[in-house]
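Take a look at the structure set out below.
The values are calculated or read from the model by the stated rules, or taken from the named source; none is laboratory data. Predicted, not measured: the structure shown is a model, and the values here were computed from it. Here the Cβ is made from the backbone with ideal geometry for all residues, glycine too, and neighbour counts use every protein chain on show. What goes into the accessible areas is simple: the full protein's heavy atoms, side chains included, and nothing from ligands, DNA or RNA. Shrake-Rupley method; radii C 1.70, N 1.55, O 1.52, S 1.80 Å.
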Amino acid sequence: MCHPNNHNCLINNDDVFSKLLQSAIDTQNNLVVLMHRNTPVLFNKAFQNFTNMPTVKAFLREFGSILNRFVPHDAYFHAGKTDPDHWIESLQNIPESDRIVSMINSRAEPYAFSVTIDTPVPEYTTISFCDISQDLIKRIMIENDVSIEKESGAYYKDYFVHTSKSFQNAALFNEKSIGITMLAMDASDSDCEKYLHDFSSCIKNHIRQSDMLVRWDKKIFMLAYLIENADNAMKFSQKLLGVMKEEPFEHLDSFTMRLGTTVQTGDEEIDDIISRAETALNRSSASSPLIHL
């Protein structure tokens, strides 16, 4: 292959070894960058898609150093924590469990990455960025005890919003659709406050561990679950209408519950599914307590 000092050979599209190297790293889901000293000379397809930069030349023209892409937040490694000329060495010296950076993709969405660094030959470094965004958010929120709302016993809305991507990924992996049911407590403020935890417990007693019951608003809960089809979602929601009559929660029968339910169509984003379920809930009434859209 080429002399190590001639890194231009690595990006020669006519070179067989360059094509093989590009093909090899393009098979990786992680973002992979080959560096010569502090300068990137090769990106894999995942990195190109993340930054929406088709070539190294375009990336350097737009952003300069990769270090400039790291979000300057105290929770992560960034330019303010290192000498710009030796940032790779500084990052490599951090314990692997703490070697985390944050970058924003071309759609302005923040991601967190664990970083693996390897120097196979002098002056050349391979850097691999593994997306840990959802795992990190879950870990931080659980460690800070903010995933479950103590008042109701349901998940916090912010927790669900920050981890909803994992829920959508689970639907894809299991080849199922996402069902969303919005539940409204038709009760006075005092009754709502008095029976809030019982209401949540009642619903949780009739759902699976993988389902997520979320406190969405003062008197509204959102239930997210994986489902085979829309008919099953309706049967499930109809069952929920009667659970407050069952022991030991029959005292909840003093107020009513309204539901709005819907099921994901195609690869629909979860925000759109929730919006449709909210519309269904708004159309429900005492005479028609369950609406499906």
- [ ] For the range 77-102, name all the residues that are at pLDDT below 90 and surrounded by 15 or more Cβ atoms within 10 Å (Cβ to Cβ).
- [x] SER102
Open item on the list: Regarding the range 236-245, can at least one residue be identified that is within 21 Å of THR163 (Cα to Cα), of a type outside the set (D, E, K, R) and not in a loop (DSSP other than H, G, I, E, B)?
Closed with: no
TODO: Mind counting the residues in the range 180-199 that are in contact with a Ser or Thr (Cβ under 7 Å, 6 or more places away or on another chain) and at pLDDT 85 or above?
DONE: 2
TODO: Identify all residues within the range 165-185 that are open to solvent by 10 Å² or more (accessible area, probe 1.4 Å) and in a helix (DSSP H, G or I); write none if there are none.
DONE: LYS165, SER166, PHE167, GLN168, ASN169, ALA170, LEU172, PHE173
Task: Residue satisfying all of: in the range 85-118; more than 22 Å from the chain's Cα centre (by Cα) and touching a residue at least 40 places away in the same chain (Cβ under 8 Å); farthest from VAL33 (Cα to Cα) among these - done: ASP85
Task: Residues located in the range 46-58, provided they are closer than 24 Å to PRO120 by Cα and either open to solvent by less than 40 Å² (accessible area, probe 1.4 Å) or touching a strand residue (DSSP E or B) at 6+ places or on another chain (Cβ under 9 Å) (or both) - done: ALA46, PHE47, GLN48, THR55, VAL56
Open item on the list: Return the residues of the range 132-161 that are closer than 30 Å to ILE88 by Cα and either buried (at least 18 other Cβ atoms within 10 Å of the Cβ) or at pLDDT below 65 (or both); say none if nothing qualifies.
Closed with: LEU136, ILE137, ILE140, MET141, GLU143
Task: Filter result (open to solvent by 60 Å² or more (accessible area, probe 1.4 Å) and part of a helix (DSSP H, G or I)) within the range 186-222 - done: ASP189, SER190, GLU193, LYS194, HIS197, LYS204
